[in-house]
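Worksheet for the structure shown next.
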Amino acid sequence: QSLMREAQKMQKDLQKTQNELVSTNYEGSSSCVKIILNGNKDVISVKINSNEFDMDDIELLEDMIMTAFKDASKKVDSDKEKKLGKYGQGLAGLM
């Protein structure tokens, strides 16, 4: 009975944490590009500071966008691992 209550509490806490992660915005940047992702890695916004960039160099812009996306994506992964990792350890303790 106690084990079941503990598992239900953990499930509720896990769901709350997952909801918080999805609603959190993560910013990645590279030189003149800024990308915002949510916790599902959906792109919320892309900003390009054209004052700092030669618009004739599209390949460089593409590289900067990719770098900014990877930066934001790593932040999502790191935050998920930090916040959800404890639940994996808790489940192992229940087994």
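Any residue that is open to solvent by 60 Å² or more (accessible area, probe 1.4 Å), touching a residue at least 60 places away in the same chain (Cβ under 8 Å), in a helix (DSSP H, G or I) and among the hydrophobic types (A, V, I, L, M, F, W, C) - is there at least one of those in the range 4-21?
Checked against the condition, which is being open to solvent by 60 Å² or more (accessible area, probe 1.4 Å), touching a residue at least 60 places away in the same chain (Cβ under 8 Å), in a helix (DSSP H, G or I) and among the hydrophobic types (A, V, I, L, M, F, W, C), the range 4-21 yields no hits at all.
Do we find a residue being free of Cβ contacts under 8 Å to residues at least 24 places away in the same chain, open to solvent by 40 Å² or more (accessible area, probe 1.4 Å), closer than 26 Å to Leu84 by Cβ and assigned to a helix (DSSP H, G or I) anywhere in the range 22-37? Working first, answer last.
Looking only at the range 22-37, we keep the residues that are free of Cβ contacts under 8 Å to residues at least 24 places away in the same chain, and these are 22-23, 25.
Imposing the further condition that a residue be open to solvent by 40 Å² or more (accessible area, probe 1.4 Å) reduces the set to 22-23, 25.
Filter once more, so that each one left must be closer than 26 Å to Leu84 by Cβ: 22-23, 25.
Filter once more, keeping what is assigned to a helix (DSSP H, G or I): 22-23.
Yes, the range 22-37 contains at least one residue that is free of Cβ contacts under 8 Å to residues at least 24 places away in the same chain, open to solvent by 40 Å² or more (accessible area, probe 1.4 Å), closer than 26 Å to Leu84 by Cβ and assigned to a helix (DSSP H, G or I).
May I ask you to say which residue of Ser45, Ser30 is out of contact with any strand residue (DSSP E or B) (no Cβ under 9 Å at 6 or more places or on another chain), under 17 Å from Met66 (Cβ atoms) and at pLDDT 90 or above?
Details: Ser45 fails: out of contact with any strand residue (DSSP E or B) (no Cβ under 9 Å at 6 or more places or on another chain).
Answer to the check: Ser30.
Being open to solvent by 30 Å² or more (accessible area, probe 1.4 Å) and touching a Leu at 6+ places or on another chain (Cβ under 8 Å) is the requirement here; does Asn40 meet it?
Working: open to solvent by 30 Å² or more (accessible area, probe 1.4 Å): yes; touching a Leu at 6+ places or on another chain (Cβ under 8 Å): no.
Considered against the rule, which asks whether it is open to solvent by 30 Å² or more (accessible area, probe 1.4 Å) and touching a Leu at 6+ places or on another chain (Cβ under 8 Å), Asn40 comes out as no.
Filter the range 49-68 down to residues that are outside any helix (DSSP H, G or I) and modelled with pLDDT of 85 or more, then give me how many there are. Break it down into steps so the answer makes sense when it comes.
Filtering the range 49-68 down to residues outside any helix (DSSP H, G or I) leaves 49, 53-57.
When the remaining residues are screened for being modelled with pLDDT of 85 or more, the result is 49, 57.
Here the count works out to 2.
For the range 52-74, indicate whether the set of residues that are out of contact with any strand residue (DSSP E or B) (no Cβ under 7 Å at 6 or more places or on another chain), hydroxyl-bearing (Ser, Thr, Tyr) and open to solvent by 60 Å² or more (accessible area, probe 1.4 Å) is non-empty.
no
The values are calculated or read from the model by the stated rules, or taken from the named source; none is laboratory data. All values reported here derive from a predicted model rather than from experimental measurement. Neighbour counts run over all protein chains shown; Cβ positions are idealised from the backbone, glycine included. The area values use the complete protein model at the heavy-atom level, side chains included, leaving out ligands, DNA and RNA. Shrake-Rupley method; radii C 1.70, N 1.55, O 1.52, S 1.80 Å.
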